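Engineer: Please find one structure pasted underneath; my questions will follow.
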Amino acid sequence: MEAREDFDGGGGVAAAEIRGGVLFLRWAAGGGREFHPLWLRDNCPCEKCRHPNGQKLTNITDLPADVRISSAESDGNGGVCVVFAPENHEAHFDGEWLRGFAAAAAPPPQTLWDDSQPSVADIAREYESVAGGGKMLAEWLELIVRYGCAVLRGAPAREGEVCRVAEWFGFVRETNYGRLFDVRAVASPNNLAYTGMGLSVHTDNPYRDPPPGLQLLHCLQNAASGGKSVLVDGFAAAEMLREENPEHFRQLSERALPFHFSDGNCDLRSRFPVIETAGESEIRAVRFNNRSLAAAEIPADEAGAYYSAYRRFAEMLFNEAPALRFKMCAGDLFIVNNNRVLHGRDAFSGGGGRHLQGCYADLDSLLSQWRVLRREQKQKEKQ
Ligand code: NM2
Ligand code: OGA
Ligand code: ZN
Ligand code: ZN
């Protein structure tokens with residue numbers, strides 16, 4: 001019944017009819033749809049088929065391949081009672097579940113910045129209010145789900161605070177850089193992030209597989225001159241590329257590039273397309289980091305076409321795609337969906353005056369916590 005909280009009500013089943021072996025259900029709200037008998041049998045919610053914890057008890061091999069519906073009747077209450085042959089197995093399906101199950105599996109709602117470009121103020125919340133959890137935390141998490149990033153203002157400028165924020169919704173993901181890393185200019189940097197150089201917009205750690213789904217950066221001090229931050233919606237940019245030149249888009253989504261990072265302690269290598277897609281149209285991730293791109297195995301007669309596509313995408317990311325620019329002050333923190341939103345910074349001087357701390361985390365836990373808080377909120381509203 002996990003879909004119910006996503007469903008807007010409107011009644012369930014008005015009538016049930018077996019047509020050519022499949023079950024047709026007419027909704028009270030109008031319309032209807034067909035259900036395959038094996039699909040229904042496989043999703044039976046009875047206590048023999050589901051543990052009280054909601055987990056499934058049956059395997060596909062437990063179900064007869066020739067399952068049929070011997071009877072189906074609306075229960076008069078929006079649900080439907082079905083008897084399956086040849087087992088004579090009785091099931092009762094909730095009408096709202098039947099209408100709403102698909103919503104629970106749908107990808108979370110995303111708003112590309114070209115449809116509706118948020119300002120920094122739109123995506124920023126006060127640390128104090130979000131730290132209290134509940135509705136305010138749910139709202140802040142929803143910004144990350146929807147826009148791929150969010151900001152906190154007024155976070156205590158204390159060491160390790162960024163990890164505490166990650167624990168509001170999940171777990172810190174430790175990497176070769178540690179659980180917590182300091183971003184400041186140091187003497188022998190193993191990574192260009194630890195210099196005063198500008199960093200063009202990038203996704204972090206594409207040389208890890210999988211790359212961290214979330215990055216958090218927290219400003220403890222920013223007295224340096226320069227060092228402004230920029231965030232870019234990589235999905236909006238990928239859509240711009242597809243719109244402008246489908247062949248460019250195809251180049252970047254079909255060829256995987258090698259990424260690499262090594263120092264005295266690690267030798268990390270991976271391969272990802274710059275634009276990762278699923279099916280025909282869904283964009284799943286953007287991986288873009290010029291500093292960590294390794295030498296790609298591209299036949300000489302294909303390199304020209306690939307580089308044109310790659311150059312055009314870079315131009316869009318640097319100059320044309322929807323972007324947010326701001327200078328972080330002590331107590332500011334931003335979080336990005338590292339599969340989608342790229343980040344960068346301008347060069348800075350007076351390096352000693354700039355100190356950020358960062359950590360990584362995974363997206364699945366954030367989405368889970370967002371759903372849990374939403375579910376709790378809806379339950380409260382019903383009471
Ligand atoms: N740091 C800040 O992914 C990258 O190499 C960007 C990551 C060193 C953890 C910098
Ligand atoms: C990083 C990074 C940006 C900054 O640490 O990964 O991109 O503002 N830093 O220093
Ligand atoms: Zn059952
Ligand atoms: Zn970075």
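Engineer: Can you compute the modelled spin-label distance between Thr61 and Glu73, with each label point 7 Å from Cα toward Cβ, in nm?
Structural biologist: Inter-label distance under the simple model: 3.7 nm.
Engineer: For a quick check: with amide H placed at 1.01 Å from N, whose amide H comes under 5 Å from Asn337's, ignoring anything fewer than 5 positions away on the same chain?
Structural biologist: Cys149
Engineer: Given R₀ = 25 Å, FRET efficiency for Arg158-Lys228 by Cβ-Cβ distance, to 0.05?
Structural biologist: Working from the Cβ atoms, E equals 0.60.
Engineer: Cα-based Rg (one decimal) and Dmax (whole number) for the chain, in Å?
Structural biologist: 25.2, 79
Engineer: Ser349 label point, 7 Å along Cα→Cβ, cut-off 16 Å on backbone N: hits in the range 194-213?
Structural biologist: 196-198
Engineer: In addition: Check the chain for me: any Cys whose beta-carbon has no other cysteine beta-carbon within less than 4.7 Å?
Structural biologist: Cys46, Cys81, Cys149, Cys163, Cys219, Cys266, Cys329, Cys359
Engineer: Another question about this same structure. Using amide H atoms built in the peptide plane, which far-off residues or other-chain residues are under 5 Å from Ala29 H to H?
Structural biologist: Those qualifying (amide H under 5 Å, at least 5 residues apart or on another chain) number zero.
Engineer: Related question: Not counting ligands, DNA or RNA, and with a 1.4 Å probe, what is Arg26's accessible surface area in Å² rounded to the nearest 10?
Structural biologist: Rounded to the nearest 10, that gives 120 Å².
Engineer: What is the ratio of the Cα radius of gyration of the range 134-220 to 2.2 N^0.38 Å, with N the residue count, to two decimals?
Structural biologist: For the range 134-220, the normalised Cα radius of gyration comes out at 1.19.
Engineer: Something else now. Arranged from highest to lowest average of other beta-carbon atoms within 10 Å per residue, in what order do the peptides 301-309, 205-213 appear?
Structural biologist: Details: 301-309: 13.7, 205-213: 20.4.
Taking the mean over residues of other Cβ atoms within 10 Å, the ranking is 205-213, 301-309.
Engineer: Cα centroid distance between the range 106-127 and the range 300-318, in Å?
Structural biologist: Measuring centre to centre over Cα atoms gives 29 Å.
Engineer: Hey, another quick one. Separation between the Ser129 and Ala296 pseudo-spin-labels, each 7 Å from Cα along Cα→Cβ, expressed in nm?
Structural biologist: With each label placed 7 Å out from Cα toward Cβ, I get 4.4 nm.
Engineer: Pairs of alpha-carbon atoms within less than 8 angstrom and 6+ residues apart define the contacts here; what relative contact order does the chain have, in percent?
Structural biologist: Rounded, it is 21 percent for the chain.
Engineer: Using only the Cα atoms of the range 46-95, what semi-axes does the equivalent ellipsoid have when each is the square root of 5 times a gyration tensor eigenvalue? Give whole Å, largest first. Walk me through the numbers before you get to the answer.
Structural biologist: Details: eigenvalues 75, 56, 9 Å².
With the √(5λ) rule applied to the range 46-95, the semi-axes are 19, 17, 7 Å.
Engineer: While we're here: Direction-averaged shadow area of the convex hull around the Cα atoms of the range 61-133, nm²?
Structural biologist: Over every viewing direction, the Cα hull of the range 61-133 projects on average to 10.4 nm².
Engineer: Put a dot 7 Å past each Cα toward the Cβ at Val372 and Phe326; how far apart are the dots in nm?
Structural biologist: Here the modelled spin labels are 2.7 nm apart.
Engineer: At 0.36 nm per residue, and after removing the present C-alpha to C-alpha distance, how many nm does the segment from Asp364 to Cys81 gain when stretched out fully?
Structural biologist: Gain on extension, Asp364 to Cys81, equals 98.3 nm.
Engineer: Moving on. For Phe272, what residues show an amide H to amide H distance below 5 Å, using hydrogens built from the backbone and excluding near sequence neighbours?
Structural biologist: Under 5 Å from the amide H of Phe272 lie the amide H atoms of Leu257, Phe259, each far enough along the sequence or on another chain.
Engineer: May I ask you to evaluate 6.51 cos²θ - 1.76 cosθ + 1.60, the Karplus curve with θ = phi - 60°, for each residue of the range 267-274 and list the ³J(HN,Hα) values in order in whole Hz, giving x for glycine and proline?
Structural biologist: My calculation for the range 267-274 gives 9, 9, 9, 8, 9, 9, x, 5 Hz in order.
Engineer: Here is a follow-up. Expressed as cubic angstrom per residue, what is the convex hull volume of the alpha carbon set of the range 20-59?
Structural biologist: 89 Å³
Engineer: Determine the gain in length on full extension of the stretch Ala256-Phe318; use 0.36 nm per residue of separation and subtract their C-alpha separation, reporting nm with one decimal.
Structural biologist: Numbers: separation 62, 0.36 × 62 = 22.32 nm, distance 2.15 nm.
Here the answer is 20.2 nm.
Engineer: When the scattering of the range 52-187 is computed by the Debye formula from its Cα atoms alone, each counted once and equally, what is log10 I(q)/I(0) at q = 0.09, 0.22 Å⁻¹?
Structural biologist: -0.57, -1.41
Engineer: Further question on the same structure: In whole Hz and in residue order, list the ³J(HN,Hα) couplings for the range 15-26 that follow from phi through the Karplus curve 6.51 cos²θ - 1.76 cosθ + 1.60, θ = phi - 60°; x for Gly and Pro.
Structural biologist: 3J(HN,Hα) across the range 15-26, in whole Hz: 8, 10, 8, 8, 10, x, x, 10, 9, 9, 10, 9.
Engineer: Going highest first, how would you order 53-63, 35-45, 185-195, 144-154 by mean Cβ packing within 10 Å?
Structural biologist: Taking the mean over residues of other Cβ atoms within 10 Å, the ranking is 144-154, 35-45, 185-195, 53-63.
Engineer: Given q = 0.15 Å⁻¹, what are the Debye log10 I(q)/I(0) values for the range 193-250, with equal point scatterers placed on the Cα positions and solvent ignored?
Structural biologist: For the range 193-250 at q = 0.15 Å⁻¹, log10 I(q)/I(0) is -0.69.
Engineer: Could the peptides 95-102, 64-71 be put in order, highest first, of the mean number of other beta-carbon atoms found within 10 Å of their residues?
Structural biologist: On the way: 95-102: 20.1, 64-71: 13.8.
Top of the packing list down: 95-102, 64-71.
Engineer: Hey, another quick one. Greater than 32 Å separation of Cα atoms is the criterion. Which listed pairs, Lys56/Lys378; Lys135/Lys327; Lys228/Lys380; Lys327/Lys378; Lys48/Lys382; Lys327/Lys382, meet it?
Structural biologist: Lys228/Lys380; Lys327/Lys378; Lys327/Lys382
Engineer: Which whole-Hz ³J(HN,Hα) couplings does the range 147-159 yield from phi under the Karplus relation 6.51 cos²θ - 1.76 cosθ + 1.60, θ = phi - 60°, glycine and proline marked x?
Structural biologist: Per-residue couplings from phi come out as 9, x, 6, 7, 10, 10, 10, x, 6, x, 7, 10, 3 Hz.
Engineer: Work out the charge dipole of the range 49-205 with +1 on the Cβ of Lys and Arg and -1 on the Cβ of Asp and Glu about the Cα centre, then indicate which of Val82, Asn190, Leu152 is farthest towards its positive end.
Structural biologist: My answer, from the dipole projection, is Asn190.
The values are calculated or read from the model by the stated rules, or taken from the named source; none is laboratory data. Computed from a predicted model, the values in this text were never measured in an experiment. When we count neighbours, we look across all protein chains shown, and the Cβ atoms used for this are built from the backbone with ideal geometry, even at glycine. Just the protein is used for accessible areas: all its heavy atoms, side chains included, with ligands, DNA and RNA removed. Shrake-Rupley method; radii C 1.70, N 1.55, O 1.52, S 1.80 Å.
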